[in-house]
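Written out below as structure tokens is the structure these notes cover.
The values are calculated or read from the model by the stated rules, or taken from the named source; none is laboratory data. These figures come from a predicted structure and were not determined experimentally. Note that we place each Cβ from the backbone using ideal geometry, even for glycine, and neighbour counts take in every protein chain shown. SASA here: full protein model, heavy atoms, side chains in, ligands and nucleic acids out. Shrake-Rupley method; radii C 1.70, N 1.55, O 1.52, S 1.80 Å.
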Amino acid sequence: KKHLKTLPPFYPLLTFKVVKNTSAGILSERLTKCIKMYGLATKWNGKNPAKLRCSTNDFLTFEINLWKQESTPAERQSGDSCNVIVEIRRHEGCCVSFHRLRGALFKVLCETNRNGCDTNQIE
């Protein structure tokens, strides 16, 4: 949670989901599961640990960014959990392959969350 930054005011989000009431640790476990499941090559950004550069064996490269959503006073009292914005951006490669992989990644990241995900909604 401490490594997640809030979304900058003029940052253009493209394709994202908001994972509700989860900790950064749980989200990290889910990302690790995705990386192993889909055999992704990854590179962490040392300056920004909430940014992950990924590539596949068919030359698709993309980036996963995690942002902390601004919380309400009631949410701040709940402790470790927060709403996390998960953004996945394609850099190079087949857009159809990316669309399928992005959907699968979002599904894994959101499926086990009892509070669900919001698609493309920022409060």
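Take Asp58 and decide whether it is open to solvent by 60 Å² or more (accessible area, probe 1.4 Å), assigned to a loop (DSSP other than H, G, I, E, B), at pLDDT 80 or above and of a type in the set (Asp, Glu).
The answer is yes for Asp58.
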Here's a check for you: in segment 88-123, which residue that is in a strand (DSSP E or B) and modelled with pLDDT of 85 or more is surrounded by the most Cβ atoms within 10 Å (Cβ to Cβ)?
Ile88
Cβ-Cβ below 7 Å, separation at least six or inter-chain, first residue in segment 31-55 and of a type in the set (A, V, I, L, M), second open to solvent by 80 Å² or more (accessible area, probe 1.4 Å): which pairs?
Ala50/His3; Ala50/Lys5; Leu52/Trp44
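Looking at this structure, is Lys36 in a helix (DSSP H, G or I), among the charged types (D, E, K, R) and loosely packed, with under 14 Cβ neighbours inside 10 Å?
yes
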Among the candidates Thr6, Thr42, which residue alone is surrounded by fewer than 18 Cβ atoms within 10 Å (Cβ to Cβ), of a type in the set (S, T, N, Q), at pLDDT 80 or above and touching a Cys at 6+ places or on another chain (Cβ under 6 Å)?
Thr42
Among the residues of segment 22-33, write down those that are among the β-branched types (Val, Ile, Thr) and surrounded by fewer than 12 Cβ atoms within 10 Å (Cβ to Cβ).
Thr32
